[in-house]
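This report refers to the structure that appears directly beneath it.
Please treat every number below as a calculation from the coordinates, not as lab data. Only a predicted model underlies this, so the values are computations on that prediction, with no experimental measurement involved. With ideal geometry, Cβ positions are generated from the backbone for all residues, glycine too; neighbour counts draw on all protein chains shown.
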Amino acid sequence: MSSLQPVRGTHDLLPEAMRRHRAVIDTAREVAARYGFQEMATPIFEFTEVFKRTLGDTSDIVTKEMYTFAMGAGKGSSADEEGATITLRPENTAGVARAFISGGLAQQVPVKAFYAGPMFRHERPQKGRQRQFHQFGVELIGVAQPQADIEVIACGAHILEALGLSDAVTLELNTLGDPDSRTAYREALVAYFSAHHDSLSEDSRDRLTRNPLRILDSKDEGDRKLVADAPLFEDYLNAGSRDFFAAVREGLESLGIAYRLNPRLVRGLDYYCHTAFEFTTDRLGAQSAVMAGGRYDGLIETMGGPATPGVGWASGIERLAMLLAEDIPAPRPVVVVPVGEAAQATALTVAQDLRHAGFVVELGYSGNLKKRLQRANKMNARAALLFGEEELAAGNATLRDLDSGEQELVSLNSLAERLSRLA
Ligand code: ATP
Ligand code: MG
């Protein structure tokens, strides 16, 4: 280990990677805004309790993946705070729900939030799986109707389409029904898996008592064989749950959003209900999920807020950035090159004026003309502005088009206008 390496599972976003990252977030934000989602941000850490309550004591995230710290004593801390622990957010739905409650947003429903930022999970790093990664996501809080599910999924599909990824992803869809249906299904699952108790993996035996639905997405070979013959949720859905799912499916179909039913797509927590979905890809090896979400009608009440329905999804920015076909080029600058001492001051003010006019301008810092032009080419500059004493005396500069190699004299007053006509 070297202390000059980034911590395992974390990555620098150097400019080239950052441009892809930015492109993903900007596209997502712009599309989400068209659906009425407004950006908000919550702190990167919360009291541990916020995540324990929302994700559940038995979830993988809470049992294995959270970065939790003692808050410790510090200036101005109360005794309460000193005894508390804080956790780096592993996801952002809990934070948004907490903010919804503490910010009194219940008066303003429906609340439509978009967020983007870093998340932290202590898991085994591999391609597409990091310890600090980034998500963007949307939450639509306060609407119980299936229209909200449809809108949220349509927004996700639209973002993936805008990123050019429609062909790279598949929408997988399932329903978890309402609480009554879930209880009935859970009982059926417990009965079935209990009869095969000895063949279950150790993890799944544990899940059987804590969180039997989770067995359905076990990665263990033996478990998978049992799961293949397990009871289907479909057979335990009551009429209301069936109608809800039918409405979601019809809505998606009327919008031309293709999906594949996946009865094994589950969420382990009690407050999840009805719609569960994931956009997956086969282009990233084992890390196949790029966007995942569902309805969480019980969440806000579980946290101690007023009973409020909600539906949303979160998407992994690194995974999407890896799927983008092309590099995102940096903007091509105009390079200002003073020739001789006397031109320095003018070059500086012209550069500044052009920046105010919206151009990306680089100053050749030092070296002879040839060196500076070489550097301009290296930074993929679109044009160079050469300031020699004679030209300046006449109020002109030489514009060199670095793609065609052509040069012309341009008056200082019309530089911006002339540059804006370069392709
Ligand atoms: P996975 O099955 O890959 O572990 P998950 O079910 O833990 O995913 P969610 O909690 O639903 O993932 O998070 C939503 C999205 O965030 C995922 O679909 C994925 O794109 C991304 N994501 C989750 N964990 C990581 C990670 N450790 N590194 C990079 N991206 C991640
Ligand atoms: Mg995970």
Tensor-based shape of region 1-134 (alpha-carbon gyration tensor, a/c under 1.5 rounded, otherwise prolate or oblate): oblate
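Provide the gained length on full extension for the span ASN413 to TYR192, in nm with one decimal, where the gain is 0.36 nm per separating residue minus the Cα-Cα distance.
71.4 nm
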Return the tail of the calculated pair distribution for region 334-419, meaning the percent of Cα-Cα pairs more than 21 Å apart. 17
Cβ under 10 Å from PHE37's Cβ, PHE37 left aside: what net charge do those residues give with Lys, Arg +1 and Asp, Glu -1? 0
Residues in region 335-364 near a label at ASP403, defined as backbone nitrogen under 14 Å from the 7 Å Cα→Cβ point? none
Could you work out which residue, out of ALA239, ALA394, ALA258, moves most in a Gaussian network model of the chain, that is, has the largest mean-square fluctuation with Cα springs under 10 Å? ALA394
State which entries of LYS112/LYS225; LYS75/LYS112; LYS52/LYS112 exceed 32 angstrom in Cα-Cα distance in the structure shown. LYS112/LYS225; LYS75/LYS112
Taking alpha-carbon centroids only, region 36-110 lies from region 381-404 a number of Å equal to 56
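May I ask you to derive the relative contact order of the chain, considering only C-alpha pairs under 8 Å and at least 6 residues apart, and to give it as an integer percent?
15
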Can you list residues whose amide H is under 5 Å from THR275's amide H, if they're 5+ apart or on another chain and H is modeled 1.01 Å from N? LEU176, ARG295
Surrounding charge for ARG249, neighbours by C-beta under 12 angstrom, Lys/Arg +1, Asp/Glu -1, total -2
Working from the pairwise distances between different alpha carbons, so that the mean of 1/r is found and then inverted, what is the chain's Kirkwood radius in Å? 25.1
If we sort 142-148, 400-406 on the protection proxy, mean other Cβ atoms within 10 Å, highest first, what's the order? 142-148, 400-406
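What's the extension gain from GLU253 to ALA393 if we count 0.36 nm per residue and subtract their Cα-Cα distance? Working shown, then result.
On the way: separation 140, 0.36 × 140 = 50.40 nm, distance 6.91 nm.
Additional length available on full extension: 43.5 nm.
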Can you compute the charge dipole magnitude of region 1-135 about its Cα centre, using +1 on each Lys and Arg Cβ and -1 on each Asp and Glu Cβ, nothing else charged? Give it in debye, rounded to the nearest 20. 480
Kindly put HIS197, HIS134, HIS122 in sequence by how many other C-beta atoms sit within 10 Å of each C-beta, fewest to most. HIS197, HIS122, HIS134
If you place +1 on the Cβ of every Lys and Arg, -1 on the Cβ of every Asp and Glu, and leave all else neutral, what size is the dipole of the chain about its Cα centre, to the nearest 20 Debye? 920
Please give the charge dipole size of region 334-419, origin at the Cα centre, charges +1 on K and R Cβ atoms and -1 on D and E Cβ atoms. Round to the nearest 20 debye. 440
CD proxy at 222 nm, helix term only [per DSSP H run n ≥ 4: -39500 (n - 2.57); per residue of the chain; nearest 500]: -11000 deg cm²/dmol
